[in-house]
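All remarks here apply to the structure that follows.
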Amino acid sequence: MAQKPTELTGEQLVFAYLAEYLDDDLPSSIRESYIDSLKKVDPKETLPEQFKDARGRMQLALQDFALNEQQIRGLHVLVEDDATRAAKEAVESERMERSETWGQVGRWFGYVAVFGLIAGVMFWYFRPPEKAKFNALETLVYEALSMEEDPELKLDLPSSDFKEIRDFVANYPGLDFAPIDMSYPPASWNVMGGSVLDYDVAKIITVQFSHATHAEEKLFLFMFKGHLSQLPKAEKADFEGFEYQTYSSEQINVIAWQGKPDTVALLIGHRNAQDLAKAAKALN
Amino acid sequence: MAQSVRDDSLIAFFTDSLSQEADLIYRFVFALSLNRKDASQLVAMTYKSVLSDLANLMAQGTTQIRIRLLKQAWAAVKALGNSTPNETSGFSKFLTPLAKEVRAALLLVDYAGLSAVEGADVLGCSPELMRQYMATGRKALTQWA
């Protein structure tokens, strides 16, 4: 280039810096003179937009010109011949295939794991209720009748102190369930003592009460680990918000309720179900 | 066939990165030659000219690589001398009456995205002269459109 640079004329200045003007990026040193020149060259103020459109058209027109595949391959051959490139591509393709295969295996393992997890969760959620470890109703009715015949026979801690019995129940070591709170003694019933029946399959807490005026009438509270659904289906009832289910026989009546999430409580006596529920509600 | 490149990373750089600029270089040299065959040859000349310097190019940024290729392309155009324009498209007709420097300035700044200073570096002229080329090219461009 041998040309010597000359100063831009007003019109040259306008065109030379049009892009900067459009981008609001004019150098401050020429801003004033540029605006003056633009007003003279383009009094209608259409030039900047006209240029923007024209530049877009040029860029679009240039898209028609591109190297074809053969020409691009011709460039690649400058550094690597076709055979070498093909061999490399084959190796890469094989690597990708292998990677894809392992990816698929991984994906399948993933699917199986997710499916297994879902199946496991569904099984856990919809699993049938765990079978009771013992026939609570039959066994404990038998125990109640047996204790009724000989009240002292199975009392580990004979006591008429309700608080002492409550502490005994609450703190008994080695239980795998939480006993009910035994908040209040049932009205008209005196506590006689408490015991833990240690069966092979379960430990059962029992608290024995006798009626305040008819001491020979007994009431038996049993607590053990389990859920109401493990007992035979029975009529459900509600006493002032206290929900329970009832069983009755010629000899004795039973009410059962879910004392704690993992604790079933039974109250067994000769009173009707509602009286039993009233006593149970106080204990619960 | 130039098979002077042995380093796999340089080959990969050439085929995967440098070749990405090939269409831009082709458009630039086509605008100068207005002949597709010559343009193709000019692209090949451009790329051959940087083969011995691939390691250095690989260490540079995208804009610097583009400027280097455009410089080499401009040198190749000058080395090839006058081409015989054989294109009849409207765009070619627009370019034909313009001086090569004016076409180059237009392409470098308003197509390849270089600044006026970078464009001047490619053409080996002063920024002031570059602005003159740009002014001429843009005036023609607005009249063509």
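The values are calculated or read from the model by the stated rules, or taken from the named source; none is laboratory data. All of these numbers come straight from a predicted model, not from anything done at the bench. Counting neighbours? That spans all protein chains shown, and the Cβs are built from the backbone with ideal geometry, glycine included. Only protein heavy atoms, including side chains, enter the accessible area calculation; ligands, DNA and RNA are left aside. Shrake-Rupley method; radii C 1.70, N 1.55, O 1.52, S 1.80 Å.
Among the residues that make up the range A:114-132, is at least one of them modelled with pLDDT under 90, open to solvent by 100 Å² or more (accessible area, probe 1.4 Å) and more than 33 Å from the chain's Cα centre (by Cα)? Taking every residue of the range A:114-132 in turn, none turns out to be modelled with pLDDT under 90, open to solvent by 100 Å² or more (accessible area, probe 1.4 Å) and more than 33 Å from the chain's Cα centre (by Cα).
Only residues that are of a type in the set (S, T, N, Q), in contact (Cβ under 8 Å) with a residue 24 or more places away in the chain and assigned to a helix (DSSP H, G or I) were counted across the range B:58-110, and they come to 3.
Among the residues of the range A:38-47, those identified as part of a helix (DSSP H, G or I) and either facing chain B (nearest Cβ under 10 Å) or crowded, with 16+ Cβ neighbours inside 10 Å (or both) are A:LEU38, A:VAL41, A:LEU47. Only one of the numbered conditions (1) closer than 17 Å to B:LEU10 by Cα; (2) modelled with pLDDT of 95 or more; (3) of a type outside the set (Lys, Arg) is violated by B:LEU57, and that is (2).
The condition of being in contact (Cβ under 8 Å) with a residue 24 or more places away in the chain and open to solvent by less than 20 Å² (accessible area, probe 1.4 Å) holds for A:ALA280. For the range B:4-18: of the residues being open to solvent by less than 20 Å² (accessible area, probe 1.4 Å), facing chain A (nearest Cβ under 8 Å) and in a helix (DSSP H, G or I), which is nearest to B:LYS78 (Cα to Cα)? Filtering first and then ranking leaves B:PHE14. Among the residues of the range A:1-34, the ones that are assigned to a helix (DSSP H, G or I), more than 8 Å from chain B (Cβ to nearest Cβ) and open to solvent by 60 Å² or more (accessible area, probe 1.4 Å) come to 5 in all. Just one of (1) away from every other protein chain (no Cβ under 11 Å); (2) open to solvent by less than 100 Å² (accessible area, probe 1.4 Å) fails for A:PHE109. It is (2). Could you please give the count of residues in the range B:103-118 that are more than 9 Å from chain A (Cβ to nearest Cβ) and under 13 Å from the mean Cα position of the chain (by Cα)? Qualifying residue count for the region: 8.
The test for being touching a residue at least 40 places away in the same chain (Cβ under 8 Å), away from every other protein chain (no Cβ under 11 Å) and of a type in the set (Lys, Arg) does not hold for B:ARG27.
Entry remark, the range A:242-251: residues being in contact (Cβ under 8 Å) with a residue 12 or more places away in the chain and either surrounded by fewer than 17 Cβ atoms within 10 Å (Cβ to Cβ) or among the small types (Gly, Ala, Ser) (or both) number 5 in total. Can you give me the number of residues within the range B:119-145 that are more than 7 Å from chain A (Cβ to nearest Cβ) and among the acidic types (Asp, Glu)? Residues meeting the conditions: 1. If you go through the range A:26-54 and keep only what is under 29 Å from B:ALA39 (Cβ atoms) and touching a residue at least 12 places away in the same chain (Cβ under 8 Å), you end up with A:PHE51, A:LYS52. If the Cβ limit is 6 Å and pairs must be 6+ apart or interchain, which residue in the range A:59-84 that is within 7 Å of chain B (Cβ to nearest Cβ) and in a loop (DSSP other than H, G, I, E, B) pairs with which residue that is at pLDDT below 90 and open to solvent by less than 20 Å² (accessible area, probe 1.4 Å)? Listed by first residue and then by second, the contacts come to A:VAL79/B:VAL5. With respect to the conditions (1) among the aromatic types (Phe, Trp, Tyr); (2) buried (at least 22 other Cβ atoms within 10 Å of the Cβ); (3) touching a Gly at 6+ places or on another chain (Cβ under 7 Å), A:PHE209 lacks only one, and its number is (3).
Scanning the range B:30-65 for residues that are open to solvent by less than 10 Å² (accessible area, probe 1.4 Å), facing another protein chain (nearest Cβ under 9 Å) and under 25 Å from B:VAL109 (Cβ atoms) gives B:PHE30, B:ALA31, B:ALA39, B:VAL43, B:TYR47.
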